[in-house]
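Okay, structure first, notes after.
Here, each number is a calculation from the coordinates, and none is a lab measurement. Everything numeric in this text was worked out from a predicted model, so none of it was measured. Here Cβ is always computed from backbone atoms with ideal geometry, including for glycine, and neighbour counts include all displayed protein chains.
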Amino acid sequence: MYTLSKCQVQQIADDVENARITFSHLADDLIDHICCEVENEMYEGKSFDEAYEIVKQQTGIKTLQKIQENTQYLIDKNYRIMKMTMKITGNVSLALLALATLMKILHLPGASILLLLGFVILGLVFFPSALYTNYRDLEGRKSLALHLSIFIGGLLFMFGVLFKVLHWPGAGMLLIIGWVFILFIFLPLLLVKKYRQSETAKDKWIVTLGVVGLIVFELSTMFKLFHWPGAAVLMILGSIILVSVFLPLFTYSKFKQLKQITGEYIFLIIGTMFFILFSVLLALNASKDTLGTLVSDAKSSAAIVNYLEAKNQKFYGDFANASDSVKVKYGKQVDLMKKETQSLVYLIDSIKVEIIALAEGVEKSASKQLLGDVTLIGNKSSIDAVSKIMTGEKGAGVLLKNQINQYKIALVNAFPDNTNLANSISILLNTNAIDDGSGILNWEQINFDNQITIGALAFLSDLEKSVRLVESQVIGTICLKK
C-alpha cells in the first residue's frame, strides 16, 4: 500500500485546521481517516491530488464542521444532563437524610433504609456529578489529582459515616482511609494550587494558615471519634490557628480587596465560628463530663457490689445457723447458687483486670491495684483494649454471655417455684439481642462495640452488681424462713 509523505500529511492537517475543527481528538481522528482513504485511492493508481480531491468531495468541509457541531451538541447535552442530575439528586439525598435522621431520633421503622438510600444517592450520584461539573466549569483538567483525591477520600468518608451509623463492620477503616486522602492528599494539593494562584506573599501566608489550621482541626475530629489521646489539644490548636490568626487576616484581606462585606461572607464567618465553638466545647466539656460520669458510675457500682457482697456473706452466716429443716430443704440450692455466683463474679473481675492491663500496658498485678481505684487509670478513653478482648466470635463477650445464661438457667432450675426470682433474673441479667432498625445486634455488640475502657469497666461493675442483687434476693428470702 502507498504511504503518504510528511508534506502530504501536513497538507491534509492544514486543511482540517482551516475547516475550524477545534476539538483536538476529533481533528486527529479525521486526519487519520482522510489519510487512510487517500492511500486507498492512490493504491488504485490515482495521484495524490486526484485521490485527495475525491476524498474531499466524499467528506467535504461542511461535513467535517457538521461532525464537530454534532459532537459539541452531544457533549453539551451530556453536560446539561449531568448538571440537572446533580441538582435533583442533591435535593433528594438531602431530603432523604434529613427525614431518616428525624425517624432515627424518634425510633420510627424504616429509618435505616432511608439513610442507606440517601447516602447511596449522595455518594454515588450527586457527589460524582458535582465533581464533574466543577472539573469542567473551572478547567479542572489542570488539577486532576485534586479532584481524584477528594472523590476517593470523600466517597470513603461518606460511606464510613454510613457504616458507623448502621453499626456495620469496616466503618473505622473507611473513615481513617477517607480522612487520610482528604487531610494528607487533597488539602496539601489544594494548598499548592491556592498558593500558586496567590499574587502576594501575604495572601500565600493566609492560604497556608487556613489549610494548616483546617488539617489540624480535622485531625482533632478524627482523634475524637476514635477516642485517641490528644484530641482536645489538637482541637484547641486548630481553633486558635483558624479563629485567632487565619480569620482576622482573611477578613482584612477580603475587605481591602472588595471594600465591602457581602452577606455570603458574613454567613461564612458566623457559620465557621459556631462550628469551631461547638467543637471546642465538645472536646473540653463533653469528653470530660462523659469520662467523669463513667468513672463515677464504675466507682458507685463497685461500692454497691462490696456492700452487697458483705450483706450476702452475713446471710450465708445466718443460713449456717438456721434450723436443720431449713438446711436440709435449701442446702443444695444455696450451695449451687453460691458456687455459680462466685464463678460468674470471678469471670467478670478477670475480664476487668485484662482490659485494664491491656489498656495501660501493665502486668495483671498492677491492673488489680488500678481496679481498686479507676480514677488512676490513664487511658480511660481507649477502645482498642475492649475491642481486642470482648468482641468477635471467640471474644470474652461471648464467653461472658454464655456464662450469664448458664447462671440464669441454674438458678431458675434450682428454685422453680420462685416466680419473683425468674422475673428479677430476666430483668437484671437480660442478654437478649435487639433490632435497632439496621439489623439484629447481639448482647456483646450492644455493650462492647466501640466501647471505651472506662465505659466497659462501668458496665461490668453494673453487671456484677446485678448478679449480687439476684444472689441477695434468693439468700435473703431463704433466711427469712428460718
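Extension gain for L376 to E363 (0.36 nm times residue separation, less C-alpha to C-alpha distance): 3.2 nm. Dipole magnitude for segment 316-382: about 200 debye, using +1 per Lys or Arg Cβ and -1 per Asp or Glu Cβ, origin at the Cα centre. Distance between the 7 Å Cα→Cβ label points at E50 and N405: 9.4 nm. Rounded to the nearest whole Hz, the Karplus-based 3J(HN,Hα) values (6.51 cos²θ - 1.76 cosθ + 1.60, θ = phi - 60°) of segment 28-39 follow the sequence 5, 5, 5, 4, 4, 5, 5, 4, 5, 5, 5, 4, with x at glycine and proline. The length gained by stretching the chain between L94 and Y346 to full extension, at 0.36 nm per residue less their Cα-Cα distance, is 85.6 nm.
Sorting T419, T375, T391 from the fewest to the most surrounding beta carbons within 10 angstrom yields T419, T375, T391. Remark: for residue pairs K327/K394; K87/K202; K339/K401; K224/K299; K338/K380; K104/K224, the C-alpha separation exceeds 29 Å in K327/K394; K87/K202; K338/K380.
Please compute the contact order of segment 290-479 in relative form: average sequence separation of alpha-carbon pairs under 8 Å and at least six residues apart, divided by the residue count, as a percent.
Answer for segment 290-479 is 38 percent.
Round to the nearest 0.05 the FRET efficiency obtained for S253 and V233 when R0 = 22 Å and r is the Cβ-Cβ distance. Calculated value: 0.15. Computed from the C-beta positions of C36 and I81, the FRET efficiency with R₀ = 30 Å rounds to 0.30. Once both labels are positioned 7 Å from their Cα atoms along Cα-to-Cβ, the gap between K311 and Q58 label points is 10.2 nm.
Round to the nearest 0.05 the FRET efficiency obtained for K299 and V120 when R0 = 35 Å and r is the Cβ-Cβ distance.
Numbers: r = 45 Å, r/R0 = 1.29.
Efficiency, from the Cβ-Cβ distance: 0.20.
Ordered by the count of other Cβ atoms within 10 Å of each Cβ, fewest first, M82, M337, M173, M158 give M173, M82, M158, M337.
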